[in-house]
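Okay, structure first, notes after.
Values in this text are rule-based calculations from the coordinates and carry no lab data. This one's a predicted model, so the numbers in the text were calculated from it and none came from an experiment. All Cβ positions, glycine included, derive from the backbone under ideal geometry; neighbour counts span all protein chains shown.
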Amino acid sequence: MIELIVDGYTVEHLSYADRSGAGGSAGPPAAFIALARGAEREFRYVPEDDRGYSHRALVALLRERPHIWKHRSPESAASSVSDAGPATEWNEPDELFPDSLPLDATRLRGVVAVNQSQAIEAITVSATSLERFEDGARLRLLVQDDDLDRRSELCAMDVVAVDDRGRMYRVATNQTARGMGAVDAEILVGPAPPRDVGRLTVAVGAVGDVDDAAATVSGPWIFPIELGPPA
C-alpha cells in the first residue's frame, strides 16, 4: 500500500470491520482501503495481527475516527458506549414535544456536516447532517436494509441523545419510506444543546418493525457529533 502511495495513488475510501472472515462471521478486525490514481483503482485489505505494530495502530486509528465507515457485529456494537458518562435527564418534561419545537428557517442557527455511517448485520445507518435551531436540533438519517427478503417496514427505534456533560435530551423520530429497503429519518432533539456542549452523541438502539420483534436488528448505531459553537 505504501508503494502505491509513493507511485501517486491517493486514499479514496476507508472502512473498518471488527471481524473480517467470510460473510463477516470470523476473522480479526481489519481495515479496507481503496486507492485511486486517475481512472485506476486498487484495493488493500489490512488485518490487525500480532506481526507488526503498524497493523494494530492503523486499525485502532480507523476504529476510533467517527467519519470512517464501520461494520460491526451485534456483539461488539452492544458493548460500545459513548464517552459521555452516566446520563441524567436535565430538562423539564414537555408533553407537547415535538410539536412544541419550531423548526422554521428563521430559527436555524447552524448546520453540522456529520457524514458518519455504521453497519450492523444487513442494516446500515448513515447520519448526514445536524441542523441546530434556537430551541432544539434535527439529525438527518438514512436507514438502509440490504436484506431483500426482510418483509418489514424499517423503523429507527430506541433513540437516545446525550451530550458530553452527561445530559439526556428529549427525542422524537419522523420517518419517510424511500423504497427499495431505505428510509429517510429525522431525529428531533430538544431542547437546544447549551453553548458549553462540545459533543452530542446520538444512538439508535434498534432498527426494524415495531410490530415484529423477529424482524428487528439490535444495535446500537452510535454517532458522536462534534458541535462547535452555534451561530
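Efficiency by 1/(1 + (r/R0)^6): what FRET value for Ala60 and Asp104, r their Cβ-Cβ distance, R0 = 41 Å, to the nearest 0.05?
Computed FRET efficiency for Ala60 and Asp104 comes out at 0.40.
Arrange Tyr45, Tyr9, Tyr169 by Cβ neighbour counts within 10 Å, fewest through most, would you?
Tyr45, Tyr9, Tyr169
For region 88-226, would you read off the P(r) tail past 25 Å as a percentage of all alpha carbon pairs?
Value for region 88-226: 26 percent of Cα pairs lie more than 25 Å apart.
With r defined as the distance between the Cβ atoms of Arg41 and Asp146 and R0 fixed at 25 Å, what FRET efficiency is calculated, to the nearest 0.05?
The computed FRET efficiency comes out at 0.65.
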